[in-house]
Amino acid sequence: MPLINVVFNTVAPIFSVIGVAMLLGRYRTLDVRTLSRISIYLFSPALILTNISQSGLGADELSDILLASIAVCIVMAILGSLIAHGLGYDRALASSFALAAFMMNSVNFGLPYIEFAFGAKGLETAVPFTVGQALVAYTVGTYVASRGQSGVGTAVRNVLTIPMPYAFALAMWLNATGHTLPTPIMQASRVLAQGIIPVTLVILGLQLSGAQLNGRWQPIMMATFTRFVIGAAAALGIALLFGLQGMTRQVFIMEASMPAGILSGVLSTEFGGDPEFAAAVILVTTLVSALFLGGLLLLIT
């Protein structure tokens, strides 16, 4: 059955890597913050530079999906922050709650899922979504994560030190003008870009190896509801607002409804959120996604 294949082909490889990293984390002392920094400052900008500079999508289609993805992420960031504030969470927990609300796992979970469900055409549509989501994640996400323990000034300075927006601007310029960087630089970027998925999965596994769920079920379940139900509803509204049609709309809604992204845990670790809560939400939403995304796929196709 298709849904069984989606679950097996998408979830099984992800949890295999996570499980090995969890075991390693229990028996060896490893510095997860170092891996987080490598992901933020090396692998992520290389991925953006490589993918966007060589994208073959038309400018209009790219801009529509890109702007819609930015819009849905910003809406979910606002809603997540309001919900966390309304529930009276402390600053660190509220920060990671908001991150989980708008940082969906659109790359290493979403892209394989979309490719199986919609084929190569769907995957082509999903790529600009991940770019817009990543842009918000590394700017708004860095600010939100920094607010967990820092003031506004420190949060803004952290945003300015993240290389991803600069890599994005350079990649868009290269794409628009047809210019290319020297071959050694592009080859180095491709090598680095290939490391982001395994490294982020290892980071998640290491975070989960020490995760504590006792007494956290209420915020975890609320974050899961926010990520899936409110996230899907927001995606539907944004898709209608931007006039997305057919497979583009279906892929957009599915991507916006993915489980909480590993990057929410990375940023929580790096900038002072609640990384154990973030890891727990990532785990729970990934498990629940097998059922939720299957049902959502049936509803919109």
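Can you name every residue in region 101-116 that is more than 17 Å from ILE196 (Cβ to Cβ) and either at pLDDT 80 or above or crowded, with 24+ Cβ neighbours inside 10 Å (or both)? Full working, then the answer.
As a first pass, look at region 101-116 and keep what is more than 17 Å from ILE196 (Cβ to Cβ): 101-102, 113-116.
Across region 101-116, the qualifying residues are ALA101, PHE102, TYR113, ILE114.
Sort through ALA134, ALA120, ALA71 and tell me the only one that's part of a helix (DSSP H, G or I), under 17 Å from LEU267 (Cβ atoms) and out of contact with any Lys or Arg (no Cβ under 8 Å at 6 or more places or on another chain).
Values: ALA120 fails: under 17 Å from LEU267 (Cβ atoms); ALA71 fails: under 17 Å from LEU267 (Cβ atoms).
Criteria check complete, one pass: ALA134.
Answer with yes or no whether ILE78 is modelled with pLDDT of 80 or more, β-branched (Val, Ile, Thr) and more than 13 Å from the chain's Cα centre (by Cα). Break it down stepwise before answering.
Details: modelled with pLDDT of 80 or more: yes; β-branched (Val, Ile, Thr): yes; more than 13 Å from the chain's Cα centre (by Cα): yes.
Yes; evaluated as a whole, the condition is true for this residue.
Table: residues versus (1) modelled with pLDDT of 65 or more; (2) crowded, with 17+ Cβ neighbours inside 10 Å; (3) part of a helix (DSSP H, G or I).
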| residue | (1), (2), (3) |
| --- | --- |
| TYR138 | yes, yes, yes |
| THR142 | yes, yes, yes |
| GLN149 | no, no, no |
| ARG157 | yes, no, yes |
| ALA169 | yes, no, yes |
| TRP173 | yes, no, yes |
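Applying a threshold of 6 Å to beta carbon distances and a minimum spacing of six or more residues, or different chains, the list of pairs starting in region 98-114 at a residue that is outside any helix (DSSP H, G or I) and ending at one that is of a type in the set (Ser, Thr, Tyr) reads MET103/SER264; SER106/THR130; VAL107/THR130.
State the number of residues belonging to region 205-252 that are of a type in the set (A, V, I, L, M, F, W, C), under 30 Å from GLY25 (Cα atoms) and at pLDDT 85 or above.
Here is the first cut: in region 205-252, the residues of a type in the set (A, V, I, L, M, F, W, C) are 206, 208, 211, 213, 217, 220-223, 225, 228-230, 232-236, 238-242, 244, 247, 251-252.
If we keep only those that are under 30 Å from GLY25 (Cα atoms) too, we end up with 206, 208, 211, 213, 217, 220-223, 225, 228.
Next, from what is left, pick out any that are at pLDDT 85 or above: 217, 220-223, 225, 228.
Going through region 205-252 one residue at a time, the tally reaches 7.
The values are calculated or read from the model by the stated rules, or taken from the named source; none is laboratory data. Just so we're clear, the structure is a prediction, and the values are computed from it rather than from any experiment. Backbone-built Cβ (ideal geometry, glycine too); neighbour counts: all protein chains shown.
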